[in-house]
Amino acid sequence: MDSPPVKRVIVAGGGTAGWIAATALVRHLGKIIDVTLIESDDIGTVGVGEATIPTSRTFHSFLGLDEREFMAAAQASFKLGIQFENWQRPGKDYFHSFGQIGKSTWMSDFHHFWLYARKQGSGGDLSDYCLELQAAKAGRFETGVQGKAELSYAYHLDAMRYARYLRSVAEQEGAVRIEGKIEQVLQHGETGHVTGLKLQSGELVEGDLFIDCTGFRALLIEGALNSGFEDWSHYLPANSAVAVQTQSSRDPVPYTRAIAHESGWRWQIPLQHRTGNGFVYASSFLEDDAAIALLTRAVEGEMITDPRIIRFTTGMRKTAWNKNVIAMGLSSGFVEPLESTSIHLFKTAVTRLIQLFPFGGVTSALTDRYNQVFRAEMESVRDFIIAHYHVTQRTEALWEYCRNMAIPDSLMHRLSLFEQQGHAFQGSDDLFRVDSWVQVLMGQGIMPQNHHPVAALMPPGRLEEAMMNVGQGIKMAVGQMPAHGAFLKQYAPAPLP
Ligand SMILES: Cc1cc2nc3c(=O)[nH]c(=O)nc-3n(C[C@H](O)[C@H](O)[C@H](O)COP(=O)(O)OP(=O)(O)OC[C@H]3O[C@@H](n4cnc5c(N)ncnc54)[C@H](O)[C@@H]3O)c2cc1C
């Protein structure tokens, strides 16, 4: 046994990560542990992080949150995927939806049949076979209708309101919040384990296990424990973002927009009461003033906040769980926001912590297991994001760099397999499914040279007929859905801010 039993858990930081961790811990383990969260209103939160992926829904049901209540509280809208504009080359767009494409068999994924049909001069567009994608393009949405297929969806949410909502849930369940600035991290003289946090007020908050959710500051995991950071900037050179909020000029669309520019990309996240906008860039390729000018010129609607620059380094903490400190959220690492994966990663982190919780004390077997899975998850997200930058025909300096840079072997293998044989796969620690890889790789411009030969074994005419049926079924289903804005207004209307 490396440390004493754990009863008092201290969460340092109250951004989205801190309140997610506190809510999950108190809701599931609140009968056997005490949860205290320290945050400083003076320091505030990063204030971005407003697009999610469908795993949010599973996590919310794990917390027992009511969807309508949460959506109204966070001014949330529905998200069916991301529209990538100008990524392959200017003027060429594609969609990464959360849905499945067509119907796969155990032997071969649907896109192999589509590739074969395409060779025969039929098959249309791959996007014709995805319900979520067609619903997003048409701006339509519905959920919870009995007898109808459920769309795979996520949310756009207001980060500040989301954290506030989670705080109310956590406090109702018994989590204790302390307002104050952490000034000193106290450690055990021999083991180096953290024993307490000293606040500016002089108060000492002692605990057995500490969750570091202090954002990029990483006060405990790095400031006190020097856990080390693996820098991935050579793969993902973007290190800055400028963010601004605008008034909504129309009903929200059910998807995020990610628009590539000469030296970065711009996000547009539509909420019920406003739109979140940002521009992500590498400071070695673009100056801050030029980034601000680009964003403020491009946004739609009146700006309701001043443009704000945020710096980051893409990479991961070498040991996210070190001694009795576990880093979650931005303190554990960050792979830039292109596929909205950060919130997901700390939701899986707290789930994993609950599964491996060190009731009897922290042991290296527990920390090793936790850190192994953390690394696998981070690397798999990293590879997916790199693919968007690397597989491109854009020719400006940033894109030229990304196209020619060395990429991880794991990604190189994936790209060759897809390019040569058309195979995509989802490994056990991979977040993104085959459908995601197929949409993004084809969308970025890789058309596989071959397909699985099984696709050619269908009797003549059968394949065309089967594909036509799938496509027509989707068209009909989308035609019957209400507009996203209208659905939202009756399903989870948020009060005017
Ligand atoms: C440009 C950008 C865009 C992003 N977009 C997305 C997205 O679309 N989807 C997504 O999933 N993620 C996104 N993310 C990531 C997302 O913003 C974060 O994962 C999420 O907000 C969680 O942040 P956090 O809670 O770890 O840190 P923060 O929000 O920074 O919170 C840190 C907390 O620690 C407290 N704190 C710090 N120091 C002290 C101290 N000394 N004493 C007391 N308290 C202290 C602060 O007060 C605050 O409460 C984005 C990130 C960036 C940078």
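Bear in mind that the values in this text are calculations on the coordinates, not laboratory data. Just so it is clear, the structure is predicted and the values come from calculations on it, not from any experiment. We place every Cβ from the backbone using ideal geometry, glycine too, and count neighbours over all the protein chains shown.
Spatially, the range 28-44 and the range 441-469 are offset by 52 Å when compared through their Cα centroids.
Just so you know, the averaged projected area of the alpha carbon convex hull for the range 1-134 sits at 15.1 nm². Kirkwood's formula applied to the C-alpha pairs of the range 109-227 gives a hydrodynamic radius of 20.1 angstrom. Sorting 96-106, 341-351, 185-195, 453-463 by their mean Cβ neighbour count within 10 Å, with the most densely packed peptide first, gives 341-351, 96-106, 185-195, 453-463. Here the range 444-497 has an Rg and Dmax of 20.0, 59 Å, counting Cα atoms alone.
For the range 238-336, the percent of C-alpha pairs falling in each 5 Å distance bin, counted from 0 to the bin holding the largest distance, reads 2, 13, 21, 18, 16, 13, 9, 5, 3, 1, 0. In this simple spin-label model, placing a label point 7 Å from the Cα along the Cα-to-Cβ direction at both residue 468 and residue 421 gives a separation of 3.3 nm. Packing here is the average count of other Cβ atoms within 10 Å per residue, and on that basis the peptides 466-476, 263-273, highest first, run 263-273, 466-476.
The range 106-178: which trypsin sites (Lys or Arg not before Pro) are DSSP loop and have at most 14 other beta-carbon atoms within 10 angstrom? Passing both the DSSP loop test and the Cβ count: 148. Rg/Rh for the chain stands at 0.98; both radii use Cα atoms, and Rh follows the Kirkwood definition. Annotation: the range 250-297 has a Kirkwood hydrodynamic radius of 11.6 angstrom, from the mean reciprocal C-alpha pair distance.
Residue 467: net charge of surrounding residues, Cβ under 10 Å, Lys/Arg +1, Asp/Glu -1, itself excluded?
My count for the surroundings of residue 467 gives -1.
Could you pull out the pairs from 198/347; 347/489; 137/347; 181/347; 7/323; 31/181 whose alpha carbons sit more than 22 Å apart here? With Cα atoms farther than 22 Å apart: 198/347; 347/489; 137/347; 181/347; 31/181.
The stretch between residue 298 and residue 405 holds 35.6 nm of extra length on full extension. This uses 0.36 nm per residue minus the Cα-Cα distance. Its relative contact order, with pairs defined as Cα atoms under 8 Å and 6+ residues apart, puts the range 1-100 at 20 percent.
Between residue 413 and residue 305, how many nm apart are label points set 7 Å from Cα along the C-beta direction? Using points 7 Å along Cα→Cβ, the separation is 4.1 nm. Distance from the alpha carbon centroid of the range 191-243 to that of the range 347-411 works out to 19 angstrom. When each of the peptides 48-60, 75-87 is scored by the mean number of other C-beta atoms lying within 10 Å of its residues, the order from highest to lowest reads 75-87, 48-60.
For the range 397-412, backbone phi angles converted through the Karplus equation (6.51, -1.76, 1.60; θ = phi - 60°) give residue-by-residue couplings of 3, 4, 6, 4, 4, 5, 5, 9, 6, 6, 10, x, 4, 4, 6, 4 Hz, Gly and Pro being listed as x. The modelled label-to-label distance between residue 43 and residue 489, using points 7 Å beyond Cα along the C-beta direction, is 4.3 nm. For helix 288-298, report the angle its Cα long axis makes with the longest principal axis of the Cα atoms of the chain; keep it between 0 and 90° and round to the nearest 10°. Helix 288-298 sits roughly 50 degrees off the main axis of the chain.
Around residue 111, under 15 Å between beta carbons, what's the net of Lys plus Arg minus Asp minus Glu among the other residues?
0
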